[in-house]
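Peer 1: My structure is below; once you've seen it, I'll send some questions.
We did not get these values from a lab; they are worked out from the coordinates using the rules stated. Keep in mind that this is a model prediction, so the values were computed, not measured. When we count neighbours, we look across all protein chains shown, and the Cβ atoms used for this are built from the backbone with ideal geometry, even at glycine.
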Amino acid sequence: MSTYKCPKGHESTELDFCSECGTKILGVPELPIVQKTIDSTVTPTKATEFCPDCSTAHESNTGNFCEICGYNFVTGAHGEVPIAKRTQEEEMGTMRQTNTNSSWSGLIDSQLLVMGWDVVVYIDPSLRHPESPEPPIQPPITFHLDKAINLIGRNSEVRAIHPEIALDFDDAVSHRHALLTLETDNTLTLRDIGSANGTQLKAVELKPMVDIKLQDGDEFTLGHWTRIAVKAVRKLG
């Protein structure tokens, strides 16, 4: 009987996988991959069984390992080569799916155009200073910016000040406190216009009369306990 040298030093009676340990014997040409279907031309006998991994007919007198995938009929161990191949195929499928999803998401994002901006005003009690009055209880207020320049402040009939974003509930907000400006490219900028108590963006005090470009979702604070979030209004272009 012919024997073949296993990479681990065993004398194997199998040409492709070591009959002792199941290790693939190097230098042997790759065997063709068969479909995972039972060959109807093979008639099962008492000495024939089918590999549970690849369904190849296996004669019990030909060794302990499936000649196609290396399955060990004695221990139930799976062959390394086919499993690695299946894992690689699964990873490639995952990569293709991920790339497809990313490409689709990028395509949608590239076609979403900013058509306008909404401003949502919240009462945030955590901003209250010890000397501040108790904050009012009220739901968020949403303003849609219809004008190019939008004043944030408090109404004053005497001074004829009527802000687009009126914060009359917070007396620490100046009558003319800040401006939100819609630029010609539909971006949004914020400017403190010399308010008495200032404006904070991401906990940083803004310099008066300096325009700061805002991003979708940015929030700034002012007054006793007022928090304002800006949200881009988008649609598919």
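Peer 1: If I filter region 224-237 down to residues being in contact with a helix residue (DSSP H, G or I) (Cβ under 8 Å, 6 or more places away or on another chain) and closer than 13 Å to Ile123 by Cβ, which single residue comes out as surrounded by the fewest Cβ atoms within 10 Å (Cβ to Cβ)?
Peer 2: Applying the filter and picking the extreme gives Arg227.
Peer 1: Of all residues in region 153-166, how many are over 13 Å from Trp117 (Cβ atoms) and not in a loop (DSSP other than H, G, I, E, B)?
Peer 2: 4
Peer 1: Right, Arg159: crowded, with 19+ Cβ neighbours inside 10 Å, out of contact with any Lys or Arg (no Cβ under 8 Å at 6 or more places or on another chain) and free of Cβ contacts under 8 Å to residues at least 60 places away in the same chain or not?
Peer 2: Spelling it out, it is not the case that Arg159 is crowded, with 19+ Cβ neighbours inside 10 Å, out of contact with any Lys or Arg (no Cβ under 8 Å at 6 or more places or on another chain) and free of Cβ contacts under 8 Å to residues at least 60 places away in the same chain.
Peer 1: State which residue pairs qualify: first residue surrounded by fewer than 12 Cβ atoms within 10 Å (Cβ to Cβ) and inside region 184-205, second residue polar (S, T, N, Q) in any location, beta carbons under 7 Å apart, and separation of 6 or more residues or different chains.
Peer 2: Ala196/Ser174
Peer 1: Out of Thr221, Thr181, report the one residue that is in a strand (DSSP E or B) and over 19 Å from Pro140 (Cα atoms).
Peer 2: Thr181
Peer 1: Does region 208-217 include one or more residues that are under 22 Å from Pro133 (Cα atoms) and not in a loop (DSSP other than H, G, I, E, B)? Spell out the reasoning first.
Peer 2: Step one: filter region 208-217 for residues under 22 Å from Pro133 (Cα atoms), giving none.
Scanning region 208-217, I find no residue that is under 22 Å from Pro133 (Cα atoms) and not in a loop (DSSP other than H, G, I, E, B), so the answer is no.
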